[in-house]
Structure formats: C-alpha cells, structure tokens
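Below you'll find the structure, written out as structure tokens, and then a few comments.
FYI, it's all coordinate maths here, none of it is from the lab. Just so it is clear, the model here is predicted, and its values are computed rather than measured. Positions of Cβ are backbone-derived with ideal geometry, glycine not excepted, and every protein chain shown enters the neighbour counts.
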Amino acid sequence: MYLKTNFSIFILKKSKHAVETNNLSISWDKQKVLNKINLKLYEGEKLAIVGPSGSGKSTILKILAGLIMPTEGELRIFGEKQTYLRLDQTNPPDVRLVFQNPALLGSLTIEENVGFILQRNKNLSKKFIQAIVKECLEEVGLFNVERKLPNELSGGMQKRVSFARALITEQDLDKKNKPLLLFDEPTAGLDPIASSRIEDLINKTNKKVNGSSIVVSHVLSTIERTSEKVVVLYGGKFRWAGSIDEFKKSNDPYVFQFRNGKLEGPMQPKEI
C-alpha cells in the first residue's frame with residue numbers, strides 16, 4: 001500500500017476491485033462531508049476506517065451500500081459503476097451492511113427477520129428457508145431462538161442476529177459469490193468479552209462468505225483484530241493509510257492522536 005499526495009489508497013495486489021472510488025464527494029447543504037475520496041479495495045482484503053465522530057465514516061458505508069448517492073465523483077462496486085440507489089437497481093451488487101444498531105423489525109420473529117429477503121423469493125419453500133435461517137443462526141452461536149421476538153433477546157444476541165442476516169442473502173445460494181461486508185461500529189457499547197466475541201464473529205463471517213470487508217470502529221481491539229489495512233478519515237479526506245502493523249507503530253500525528261485518545265493534535269472538534 002502507498003499514498004499519493006491526495007491520500008488515495010492503492011493496495012498492491014493483482015486482483016479484482018471490490019471497491020473503487022474516484023474523487024467521491026458528498027455534501028449536506030453547504031457542508032462537504034466527504035471531499036474527493038479515492039479508495040481501491042481488492043477482493044478478499046479487510047480494511048478499517050477510523051477517525052473522530054462526525055468525520056463521515058458511516059457516510060462512506062452508506063454510499064457503498066447504495067443507501068445514499070454521492071453528490072460528485074464515481075463509485076464502482078465489483079467493477080460496476082453505481083449510478084442508482086440500491087433499491088432502484090434491478091441487479092444490485094452483493095453488499096451487506098451490518099448496522100451499529102441491529103435494526104431488527106420488532107414485530108417479526110427472529111426467523112422472519114433473518115429470512116426476510118429469502119421470503120420474497122416465491123420459488124423457495126418455507127421449509128427450505130427455515131433450514132437456511134437455522135443454519136445461519138447456528139453459525140453465530142444462536143440456537144432455538146427462531147420463534148422469539150427481538151425484544152426477548154439481549155443486546156449482544158440481537159447483534160449476532162444481525163450478523164446471521166448478513167449471511168443469508170439470496171446470493172448465498174451461489175457459492176462462487178464474494179460479497180462486500182460493511183460493519184458500522186460493530187462493538188460500540190459492548191464490554192471487552194462481548195467485543196471479542198463480535199470480533200471473532202466478524203472474522204468468521206468474512207471467512208464463511210469469502211468476502212471483502214470494511215469495518216468502521218473506534219475500538220482499538222476491533223480495528224487490530226479484524227483488519228489488515230487502516231485509513232484515517234478527518235475533515236472529509238483520508239489523512240493516513242497503512243497496514244495494521246504500521247498503524248500500531250506510526251508516529252503520524254493523526255494516528256498518534258487517535259490511537260492514544262489525545263486532546264492535543266490535528267483533529268479538533270471545531271473542524272468536525
């Protein structure tokens with residue numbers, strides 16, 4: 001990996017791009033949240049995006065997931081140029097976003113939440129869907145919860161349900177598919193033991209679907225245990241990029257301030 005002067009990220013591998021952006025920008029009113037972001041992520045790679053709250057990290061994930069559109073620039077997912085929101089596409093790329101909040105539908109059972117997308121396919125039998133749901137729940141360590149409602153589960157269990165849902169899109173029926181997995185603050189608010197379980201689950205999920213992943217997190221253990229590469233986002237731009245080993249050792253002022261939680265440094269609240 002190396003950085004150009006505009007902080008573009010290039011990972012030196014001969015492989016297909018899972019993500020490629022060219023001068024990607026987005027503005028809310030007159031405020032530019034992302035300013036000409038350039039990123040190349042290759043299939044199979046694991047990236048962490050870090051930075052202070054309000055720096056636009058989750059916004060990047062929402063753009064990649066097709067939930068919002070950039071105001072400028074170009075985005076390609078698995079080589080396909082994205083010009084529409086995900087719901088407007090007839091054949092959207094396989095991108096799976098695990099929200100910070102589990103985002104489960106409270107009126108539906110766990111089985112209905114996890115199998116929601118499969119239930120829209122009239123060619124799949126109820127018995128077949130139930131079997132897939134059960135398998136995916138067991139993959140995340142949940143047993144005999146299919147008939148329960150979300151409010152009957154703990155917060156940690158609900159988060160694991162959201163991981164099971166990320167395993168179960170229609171494309172899972174095609175074993176050759178390699179999805180892009182996006183995790184938005186997956187361990188926020190969890191104790192260290194619960195965080196370790198979720199971190200292990202991120203790695204297990206990524207390996208299970210043979211995917212590429214981007215994790216947004218403030219938690220150092222999550223960054224270090226689930227990623228190979230790290231980028232620091234601040235002021236709408238990438239300020240630093242490197243391997244996880246470089247992230248642990250770097251004295252770059254942005255990295256040093258973030259890693260050590262220092263008030264002094266280039267990242268200040270008035271600019272966020």
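When a/c is below 1.5 the answer is rounded, else prolate if a/b is larger than b/c, else oblate, so apply that to the stretch 118-272 with a ≥ b ≥ c taken from the square roots of the Cα gyration tensor eigenvalues. Taking the square roots of the gyration eigenvalues as a ≥ b ≥ c, the stretch 118-272 is prolate. Angle of helix 192-209 to the longest C-alpha principal axis of the chain, folded into 0 to 90 degrees and rounded to 10: 80°. Ranking 17, 214, 196 by Cα position along the charge dipole of the chain, where only Lys, Arg, Asp and Glu carry charges on their C-beta atoms, puts 17 farthest toward the positive end.
Excluding the sites themselves, what is the longest stretch of the chain that contains no chymotrypsin sites (Phe, Trp or Tyr not before Pro) in a DSSP loop with at most 14 other C-beta atoms within 10 Å? Here the longest segment lacking exposed loop sites spans 144-272.
Nearest 500 deg cm²/dmol is fine: what mean residue ellipticity at 222 nm does the chain get from its DSSP H runs of n ≥ 4 alone, each adding -39,500 (n - 2.57), divided by its residue count?
On the way: 9 runs with 82 residues, N = 272.
Helix-only estimate at 222 nm: -8500 deg cm²/dmol.
Name the shape class, rounded, prolate or oblate, that the alpha-carbon gyration tensor gives for the chain, where a ≥ b ≥ c are the square roots of its eigenvalues, rounded holds for a/c under 1.5, and otherwise prolate holds if a/b is larger than b/c and oblate otherwise. It is prolate, given that a/c is not under 1.5 and a/b is the larger ratio. Coupling constants for the stretch 97-104 follow from the phi torsions by the Karplus curve (6.51 cos²θ - 1.76 cosθ + 1.60, θ = phi - 60°), and in residue order they are 9, 9, 6, 4, 7, x, 6, 8 Hz; glycine and proline get x.
For the chain, excluding the exposed loop sites themselves (trypsin sites (Lys or Arg not before Pro), DSSP loop, at most 16 other Cβ atoms within 10 Å), the longest remaining stretch covers 31-119. For the options 144, 101, 203, a Gaussian network treatment of the chain with springs between C-alpha atoms closer than 10 Å singles out 144 as fluctuating the most.
Straightening the chain between residue 248 and residue 22 buys 78.5 nm, computed as 0.36 nm per residue apart minus the Cα-Cα spacing.
Any chance you could run the full-extension gain for residue 194 through residue 69? It's 0.36 nm times the residue separation minus the Cα-Cα distance, nm to one decimal.
Details: separation 125, 0.36 × 125 = 45.00 nm, distance 3.38 nm.
Residue separation times 0.36 nm, minus the Cα-Cα distance, leaves 41.6 nm.
Measuring between their Cα centroids, the stretch 181-235 and the stretch 75-117 lie 19 Å from each other.
Counting alpha carbon pairs within less than 8 Å and at least 6 residues apart, what relative contact order, in whole percent, applies to the stretch 97-163? Walk me through the numbers on the way to the answer.
Working: 61 pairs, mean separation 33.6, N = 67.
Averaging sequence separation for qualifying contacts and normalising by length gives 50 percent for the stretch 97-163.
In the chain, what % of DSSP beta bridges are antiparallel (nearest 5)?
Antiparallel: roughly 55 percent of the beta bridges in the chain.
Against the chain, whose longest principal axis comes from its Cα atoms, helix 126-139 is set at around 50 degrees.
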